[in-house]
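Notes follow once the structure below has been shown.
The values are calculated or read from the model by the stated rules, or taken from the named source; none is laboratory data. These figures come from a predicted structure and were not determined experimentally. Counting neighbours? That spans all protein chains shown, and the Cβs are built from the backbone with ideal geometry, glycine included. Protein only, heavy atoms only, side chains kept; ligands, DNA and RNA dropped before computing areas. Shrake-Rupley method; radii C 1.70, N 1.55, O 1.52, S 1.80 Å.
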Amino acid sequence: MISPSTIQQILSRIDIIEIISSFIKLKKRGSNYLGLCPFHNEKTPSFTVSPAKEIYKCFGCGRSGNSISFLMEHEKFSYVEALRWLAVKYNVEIEETELSPEVKQQQQVSDSLYIINNFAQKFFTDVLFNNEEGRDIGLSYLKQRGYREDIIKRFQLGFNPEAKDSFSQAALAAQYQIDLLQKSGLVTVRDDKPADNYRGRIIFPIHTQSGKIAGFGARLIKNNDKAPKYINTPENEIFIKSKILYGAYFARMAIDKANECLLVEGYTDVVSLHQAGIENAVASGGTSLTPDQLRLVKKYTNNLTIIYDGDTAGIKAALRGLDLALEEGLNVKLVLIPDNEDPDSYLNNKGPTAFIDFIKTNKKDFILFQLDIALADAADDSYKKSIVVNQIAETISKINKAEDFTRQQDYIRKSSQLLKIDESGLHSLVNKFIREKINKEVKREPVINIKGFDEVDNIDETARTDWSDETFSLIFQHELQEKAVIKVILDYGLKDFHEAKNVIEYIVEEDFDEELFQNKNVPLLINIYNEMYRQGMNPTARDLAYYPNNEISKLVIESTNYPYELSKKWNEKERTNKINKRIFNLNYEEFMSQIIHNENADEIIYLHDVNETYKDEVEDVLIYLKLQKLKRMILVNENDLETDTNSEKIREYMDTHLHLKNMQMELSKKKKIVIYPF
């Protein structure tokens, strides 16, 4: 683990403009910087970077964050990888916290293997371009396959000579240990003598997401029935095949922008596709897809298109990863290359345009394709068909995420039509598999769900015209209010508030209840802030913006990245009428963007002195929390009213209901907060 003192050194040297400018072009605009967003395609710059607040915000796609989260989003680094990247950039020596001897040993081995692999890549690439054998055999083979030198250099391809120990001798001369060379898979020992493991082969370095070389794939050039066509690095501390996708390091940005990952089988397929400008392609290395590989895809996109050979083996290979992909929530399509070709040969024979057109027009839905294959195999055999029904029901049951409910129902409908069975029967069978899966999982404590409490209030579209301008001078939605709670604590948490208590003490002791919040990261952040304060620290927004938990960091940034506040004049009827008509149907991001970027002088909302009004803002937050408590109490009371049959109890519930409603209305009048019907 990186020590806290090292992290503080890194954070103290961060220059967000310098970091983001390494990846995109920024222009100064007032006190901020503006550029084209790297996370979505746009022609008009909406990506704003604030050096004062050390945050960025895109008003087009809504992405926001700090220097570390930018590296995590843009380069797909982990938090630790982002810190290490920054440490190298700012020449900060990384100090590790005390590690156990076993962990320290493993880390040393991992570091040594990366160093050896880096040395090997340079050796193989040098042989390919600067050695006579490398040029005559290796380079000529690659060029014969149609690869340009620029793509060969980009993927750092190389060649290992035919001689028994060319690499071994070079590595030993560089004083690399023989046991580590063996562990890397580059060297083997025969008759007590070191020998090259990949001699006479084209070398494909396999990179991690951060660009380090974790291992190699070595392809045989000459025909040799006794030798395998490919040899891969054996599993070791840094090379775990099930967690790596070949080409992911080079494809990550293209996948993110295309919002689609193309998955092929082989190294050469990936290189050919990238050379043709189709850069969102990766390879599974010829193995069945694993959960870790699918999670790696999901870091970049939810859309996975699998492109395999159209033969029987290719079809079976594609279908093996289906259920895993569905469980990860991926939208999976399948393309089978016809006429005994693979993506590499099809691309070379038909060209990039034809290949792209073929992919677009021949994508098959994975589940329905599986069903077609199974039904063709079952033919008129009723027993086989019953097996198919069970298989497809189990497959559909894997689509178990709440946001995919509609997709699951659509599959049930389409599958029942293809199977010619009753839709409700298939629905029941799918639910049976879901229940069986739940029963196998570890039982959890039952959670009491109060009806309606976890639902976000929806504004009734038909009722909008009945509301007066005064009624909706500010539209309080959960997201806006919960961010307001965070913002008040970050801005004024340590300021005096009531009876020798500061803001954070008063909120936590008087009104704070974790169950009140839709976003469960809000109470977590409040607890983190309070704990830091109790430990004698004076937490700031910047401290928490760089908190290791990315969700907390993101929440802090989202709650503080708007440079303007609503003024006291916002409630003036004339101004309210004029602006509300224009922004009423906007979402929160659009709403705030309109305010911040408004260039019409007579509609500008001026800032007021926060030192004069912070207690009012805290009061607003407290009213919101109290209203949430009242809402919860009303729902519990209504639930009791519906279920109890005792007439005396019912009378008590009705009296309680009136009392709570009156309290709710009094609080609402105090700050003119709208209470939506529920």
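Quick look at the numbers
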{"item": "Sequence of T406, T645 when ordered by accessible area, the most exposed leading, probe 1.4 angstrom", "result": "T645, T406"}
{"item": "Heavy-atom surface of the range 191-315, accessible at 1.4 Å and reported per residue (Å²)", "result": "37 Å²"}
{"item": "Inter-site label distance for A170 and L336 at 7 Å from Cα along Cβ, in nm", "result": "4.4 nm"}
{"item": "Dipole of the range 1-54, positive end: most advanced residue of T44, I19, Q9 [Cβ charges, Cα centre]", "result": "T44"}
{"item": "Net length gained if the chain between D357 and A227 were fully extended (0.36 nm per residue, minus Cα distance)", "result": "43.0 nm"}
{"item": "Carbon plus sulfur fraction of accessible area for the range 363-436, probe 1.4 Å, in percent", "result": "51 percent"}
{"item": "Share of carbon and sulfur in the accessible heavy-atom surface of the range 42-100 [1.4 Å probe, %]", "result": "51 percent"}
{"item": "Accessible area per residue, Å², the range 41-163 with all protein chains present, probe 1.4 Å", "result": "49 Å²"}
{"item": "At R0 = 41 Å, FRET efficiency that the Cβ-Cβ distance of L658 and K414 yields, to 0.05", "result": "0.20"}
{"item": "Dimensionless Rg ratio for the range 269-308, taking C-alpha atoms and the 2.2 N^0.38 Å reference", "result": "1.20"}
{"item": "Whole-Å distance, taken between Cα centres, linking the range 1-36 and the range 275-305", "result": "30 Å"}
{"item": "Tail weight of P(r) past 17 Å, computed on alpha-carbon pairs of the range 109-172, percent", "result": "42 percent"}
{"item": "Cα-projected label distance for S242 with A195, points at 7 Å along beta-carbon direction, nm", "result": "3.2 nm"}
{"item": "Descending semi-axes in whole angstrom, ellipsoid equivalent of the range 40-103, from the Cα gyration tensor", "result": "32, 13, 9"}
{"item": "Above-threshold pairs, the threshold being 32 Å between Cα atoms, out of K398/K483; K53/K243; K183/K222; K299/K414; K363/K483; K437/K661", "result": "K398/K483; K53/K243; K363/K483; K437/K661"}
{"item": "Listed residues D372, D342 arranged by accessible area, highest first, probe 1.4 Å", "result": "D372, D342"}
{"item": "Hull shadow area, averaged, the range 65-190 [alpha-carbon convex hull, nm²]", "result": "11.4 nm²"}
{"item": "Within the accessible area of the range 122-236 (1.4 Å probe), percent carbon and sulfur", "result": "44 percent"}
{"item": "Extension gain, K298 back to K153 (0.36 nm per residue minus Cα-Cα distance, nm)", "result": "49.4 nm"}
